[in-house]
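The values are calculated or read from the model by the stated rules, or taken from the named source; none is laboratory data. Only a predicted model underlies this, so the values are computations on that prediction, with no experimental measurement involved. Cβ coordinates were reconstructed from backbone atoms using ideal geometry, including for glycine residues, and neighbour counts include every protein chain displayed.
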Amino acid sequence: MKTIPFTKMAGAGNGFIIIEARKGLDLKKLAIAACDRTNGIGADGLLVLDKSKKADYRMRILNADSSEAEMCGNGARCLAAYIVRNKTPKKQCFSIETLAGLVLGEAKGEEAKVRLSPPKDYRANIPIMVAGRKITASYIDTGVPHTVVYVDHLKVIDVAKIGRLIRNHTKFKPRGTNVNFVEQANENLVCVRTYERGVEDETKACGTGSVASAIITYLKANPDIKNKSKAKMNVRTAGGEILEITFDLTKGKVLNVWLKGSAHFIAKGVYYV
C-alpha cells in the first residue's frame, strides 16, 4: 500500500489537501478519492507543489471532480503559507507558476497574500435567461472565469440550484463559469456566496470569486475613476471570514491585484492510496 504525506489547510473556509509532486501518481484519481468527504480526507481541491523552470515554485490545482483549474486564489495563499513553513524560501515575496500565469506569494504564520495575474475580459450588464427569468450578470476572468450577480437577501438565495444553471449557461460555454451572488453591505464591504465550477456546489469561500466580486463592485460604483493606487474592497465569505482585496487602476486597466486573508494549518499525516 502506497502512502502519500499530506497537509490539510483552509483558506478563509476553502479546504485544500497539499502534497508535493512525485512520480507515478495519477493525480486525477487521487483528487477524487482524497477530496471525498466520507471515504477520503475531504477538501474542495488538491494542490500539488512542484518544481518550476519559470518561477520559484509551481502549483497544480485539481478540483474535487478531478478537473484541473487554471488558478485558485485561496489555494495559492495556502500554498504560500505552506512554502514559508516547510521550504525556507530565499525571499519574502516569491513567485509561483500556475496555468493562469505567474503569481506572487508571501506569508507570515497563518496569514497569507498573493498577487494575481491581471484580470481580463470584463463584461458588464449581460442579460441572461435563467429558469424563465431574465437576470443581469457581469463577467470577468480573474485567473478563472467568474460571473457576478447582485441580489437582495443573500442568505435565502438557492446558490446550488441557480448557480448550477448559470454555470452551465450557453452564454458562458465552452469553459463554463463560477457564479458569485453578491450583496453590498456598505461602501467598502460586499457579502458573497459562490458556486464553484469543478466542485459543482457552493463552497464556504472562493478567492478568485471574491476578487471578481470586489473589482466589479468597485468599477460599477466608480465608473469615472481611471487611475487610482491601492483601491480596496473587503469581502465577507459564506464562511464568515473577511478577505481583503487591493488593486491599482491605470488608464482604466486593473493591475497589481492582491488577495489577503487567513491560511490555517488543519492537519498533516499520510494518505493511504
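In region 51-58, is there at least one residue being at pLDDT 95 or above, in a strand (DSSP E or B), among the hydrophobic types (A, V, I, L, M, F, W, C) and at negative phi? The answer is no; no qualifying residue exists. Of all residues in region 140-164, those that are under 29 Å from A76 (Cβ atoms) and either among the hydrophobic types (A, V, I, L, M, F, W, C) or surrounded by 20 or more Cβ atoms within 10 Å (Cβ to Cβ) (or both) total 17.
To keep it simple, each residue is scored yes or no on (1) over 19 Å from V114 (Cβ atoms); (2) within 16 Å of the chain's Cα centre (by Cα).
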residue	(1), (2)
E202	yes, yes
C206	no, yes
N227	yes, no
N234	no, yes
L243	no, yes
T246	no, yes
L249	yes, no
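Within region 86-155, which strands (runs of 3 or more DSSP E) (wholly inside it) include 2 or more residues that are farther than 21 Å from A10 by Cβ? Full working, then the answer.
Values: elements: 94-98, 101-108, 111-116, 120-130, 133-141, 145-150.
It comes to 94-98, 101-108, 120-130, 133-141, 145-150.
The residues of region 160-185 that are part of a loop (DSSP other than H, G, I, E, B) and of a type in the set (G, A, S) amount to a single one, G176. Here A31 fulfils each of the conditions (1) in contact with a Leu (Cβ under 6 Å, 6 or more places away or on another chain); (2) farther than 19 Å from E200 by Cβ; (3) buried (at least 22 other Cβ atoms within 10 Å of the Cβ) apart from (2).
Listed by first and then second residue, the pairs linking a residue in region 217-232 that is in the same structural domain as F247 (by TED's automatic domain parsing) and surrounded by 11 or more Cβ atoms within 10 Å (Cβ to Cβ) to a residue that is hydroxyl-bearing (S, T, Y) and at pLDDT 95 or above, with Cβ atoms under 6 Å apart and 6 or more places separating them unless they lie on different chains, are A231/Y218; K232/T246. On the stretch given as region 182-205, residues that are of a type outside the set (S, T, Y), in contact with a Phe, Trp or Tyr (Cβ under 9 Å, 6 or more places away or on another chain) and under 16 Å from N168 (Cβ atoms) total 2. Taking the numbered list (1) more than 22 Å from A69 (Cα to Cα); (2) in a strand (DSSP E or B) in turn, V257 passes all entries but (1). Checked against (1) of a type outside the set (G, A, S); (2) assigned by TED's automatic domain parsing to the domain that holds A212; (3) surrounded by 14 or more Cβ atoms within 10 Å (Cβ to Cβ), L102 passes all but condition (2).
Can you pull out every residue in region 8-35 that is under 20 Å from Y195 (Cβ atoms) and not in a helix (DSSP H, G or I)? Steps first, please.
Our first condition is that a residue be under 20 Å from Y195 (Cβ atoms); within region 8-35, this holds for 10-16, 31-32, 35.
Across region 8-35, the qualifying residues are A10, G11, A12, G13, N14, G15, F16.
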